[in-house]
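The values are calculated or read from the model by the stated rules, or taken from the named source; none is laboratory data. As the structure is a prediction and not an experimental result, all values here were calculated from the model. Ideal geometry is used to build each Cβ from the backbone, glycine not excepted, and the neighbour counts take in all protein chains shown. Ligands, DNA and RNA are excluded from the accessible area calculation, which covers all protein heavy atoms including side chains. Shrake-Rupley method; radii C 1.70, N 1.55, O 1.52, S 1.80 Å.
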Amino acid sequence: MIKPTSVYVYLLVILVCNHSSNAAQCRSACKCVDEKIAELKGNLGYVGCFTDNGNRHFDTLKLRSIDLTLKMCREQCRGYIYVGLQNGNECFCGNQLDVINYPPKLDAECNRDCFGDPNRKCGGPWRSSIYTVNI
């Protein structure tokens, strides 16, 4: 089954290939897409560390918990595409990444441990560790 994020990436590749007369370029793009999808699965669907602010990248706060885990957040965000873990204890849900208003940051800026899983980072102050809901 192709996940929604995979569909978006494949559509982008198809668009590029339809405007390219270079078959080798298209094969390379498809390989790159397949590698990125494999990487996301290997990293439990980790997309990256992103900026947030008072207007909220993902406006649905589903959970604030003293024992927050990625699994717990994913369960709360069923039906959404993305989860945003923030400040170690907050779980947000959303369907669209807005990299213009909420640009990606270095992973080191998402440096708070999840309160319920100290082996995983759960964002930071105004930083969200974003994962796909489904992997």
(request) Report P(r) for segment 47-132: all Cα-Cα distances, bin width 5 Å, range 0 to the bin holding the largest distance, values in whole percent. (result) 3, 19, 31, 27, 16, 3, 0
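Counting Lys +1, Arg +1, Asp -1, Glu -1, what net charge surrounds L85 among other residues with beta carbon under 15 Å of its beta carbon? Intermediate results must be reported in sequence, preceding the final value.
Values: positive: R56, K62, R64, K71, R74, K105, R112, R120, K121, R127; negative: D52, D67, E75, E90, D107, E109, D113, D117.
Net local charge, L85 excluded: +2.
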(request) Could you tell me what percent of the accessible area of segment 47-132 is made up of carbon and sulfur, with a 1.4 Å probe and every protein chain present? (result) 46
